[in-house]
Amino acid sequence: MMSQDVGLLILRLVLGVTLAAHGYNKFFGGGRIPGTARWFDSIGMKPGTFHATVAASTEMAAGLGLAAGLLTPVPAAGFVSLMLVAAWTVHRANGFFIVKEGWEYNLVLAVSAVAVATLGAGRLSLDWVIFGHNWYDGWAGLLISAGLGLVGAFGQLLIFYRPPAKQAG
């Protein structure tokens, strides 16, 4: 085992558990799925219940998958898709910095997940336990994570996103 494997494990755990916690909160936090659905409707992602359920499920699956290092580029693609949709629908108008509710945080999560997919999950991962090596790392990991993530995000935005009408005032 090398220090890189420990570093990748730490990064995967922090990224993965953070995203999974967001999904858990959508399912079991304050407003649960009905409250999250109302919020999704309000930002133009309709039907809200569908998007709340898909977002919560994807956050939990992608988060836990990345944390475990299981088929690593696939959960990394989930990060990219989720964060791109969030950045576009919620944070884009607020600029870059998170202190003004900008898209900085979304960028860091998505790019970090792609970096992990590019490097591979390391020896302390389910990929290594199951396959004896990283499952599609390097250029393949980069292309799978970024490519699938971008396709998923653009597809969701094109099919479902309808920006709310601006109110006169």
Checking V114 against (1) without any contact (Cβ under 8 Å) to a residue 60 or more places away in the chain; (2) open to solvent by 30 Å² or more (accessible area, probe 1.4 Å); (3) out of contact with any His (no Cβ under 8 Å at 6 or more places or on another chain): exactly one of these is not met. Which one?
(2)
Criterion first (under 9 Å from the mean Cα position of the chain (by Cα) and open to solvent by less than 10 Å² (accessible area, probe 1.4 Å)) does G63 satisfy it?
yes
Considering T58, T53, T49, which residue is assigned to a helix (DSSP H, G or I), β-branched (V, I, T), open to solvent by 20 Å² or more (accessible area, probe 1.4 Å) and touching a Leu at 6+ places or on another chain (Cβ under 9 Å)?
T58
Per-region count, the stretch 73-96, residues open to solvent by less than 40 Å² (accessible area, probe 1.4 Å) and over 14 Å from L19 (Cβ atoms)
5
Regarding G35, is this residue closer than 23 Å to L157 by Cβ and open to solvent by less than 50 Å² (accessible area, probe 1.4 Å)?
yes
Would you tally the residues in the stretch 93-125 being part of a loop (DSSP other than H, G, I, E, B) and more than 15 Å from A140 (Cα to Cα)?
10
Taking the stretch 126-154 and keeping only residues that are exposed (fewer than 12 other Cβ atoms within 10 Å of the Cβ) and either assigned to a helix (DSSP H, G or I) or in contact (Cβ under 8 Å) with a residue 24 or more places away in the chain (or both), one is left with W139
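The values are calculated or read from the model by the stated rules, or taken from the named source; none is laboratory data. Being a predicted model, the structure only gives us computed values, none of them experimental. Heads up, the Cβs are rebuilt from the backbone with ideal geometry, glycines too, and the neighbour counts pull from every protein chain shown. Protein only, heavy atoms only, side chains kept; ligands, DNA and RNA dropped before computing areas. Shrake-Rupley method; radii C 1.70, N 1.55, O 1.52, S 1.80 Å.
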